[in-house]
Amino acid sequence: MRAAGALVFWLAVWQAAAMWVASELFLPGPLLVLERLCALAATAAFWQTTLMTLLRVLAGMVWGTALGAVLAVVTCASRWADAILSPAVKVIRATPVASFILLVFLWTDRGSVPIVIAALMVLPVVWGNVARGIRQSDPKLLELARAYRFSRLKTGRLVILPSVRPYFLSAVTTSMGLAWKSGVAAEALVWPKLAIGTQIYNTKFYLETADLFAWTLVVILLSLLLERLIAALIGAAERGGEV
């Protein structure tokens, strides 16, 4: 109920601002944006474009999550690996995404750039959270595992994984928004075919502000939908673990 009230409030603010500006070129109202969104959604190109962007973002999300988790395990297992790899991950986290987009564009085709960029933005978040979870493992349980001579695999499964799990799930949830933002930003700079970012970039040539808002709304809705889906999957996994 509160969410619906907040939505109505901000839609009213948007409409009031659009009426005050009194120019669809600078700020279209919510009804016009919804009308343009419905018109776009009635075309096959809209769904093809949305699907391709979705696949790129998810591919980058998967790669970034996998690499971040692996690097976290490696850097926690070896001091030498930590000394060598940790600075590189921190550099990735600190470097502006626009710089990475232009650099990656020099090395690969434009269709792959959003995938690489999304992966690079997700990797440090997953690495940091998973590494923190590993280091937060209960020392008493680790000592008990050594006393019972558990193998590394068994120790990881029974002691370390339960400690890492909440950190990992939090990282995945947080990273989804980053993957969307960075992936669409990469598309807007390198213009791959069938991409939401390309459509957003093209709106400036024809001053299609309503289309810009409509495509942006698509990105927001997809991001929220995937976050809800991940949250539902996490909830289902936690309930299954309690059984």
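Derivation of every value follows stated rules applied to the coordinates shown; laboratory data play no part. This one's a predicted model, so the numbers in the text were calculated from it and none came from an experiment. Note that we place each Cβ from the backbone using ideal geometry, even for glycine, and neighbour counts take in every protein chain shown.
The figures follow:
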quantity: Any chance Tyr167 is aromatic (Phe, Trp, Tyr), within 18 Å of the chain's Cα centre (by Cα), surrounded by fewer than 21 Cβ atoms within 10 Å (Cβ to Cβ) and at negative phi; calculated: yes
quantity: Qualifying helices (runs of 4 or more DSSP H) (wholly inside the stretch 53-158; at least 1 residues being in contact (Cβ under 8 Å) with a residue 24 or more places away in the chain); calculated: 79-94, 97-107, 113-135
quantity: Qualifying positions in the stretch 189-241 - farther than 24 Å from Leu31 by Cα and in a loop (DSSP other than H, G, I, E, B); calculated: Trp191, Pro192, Lys193, Leu194, Ala195
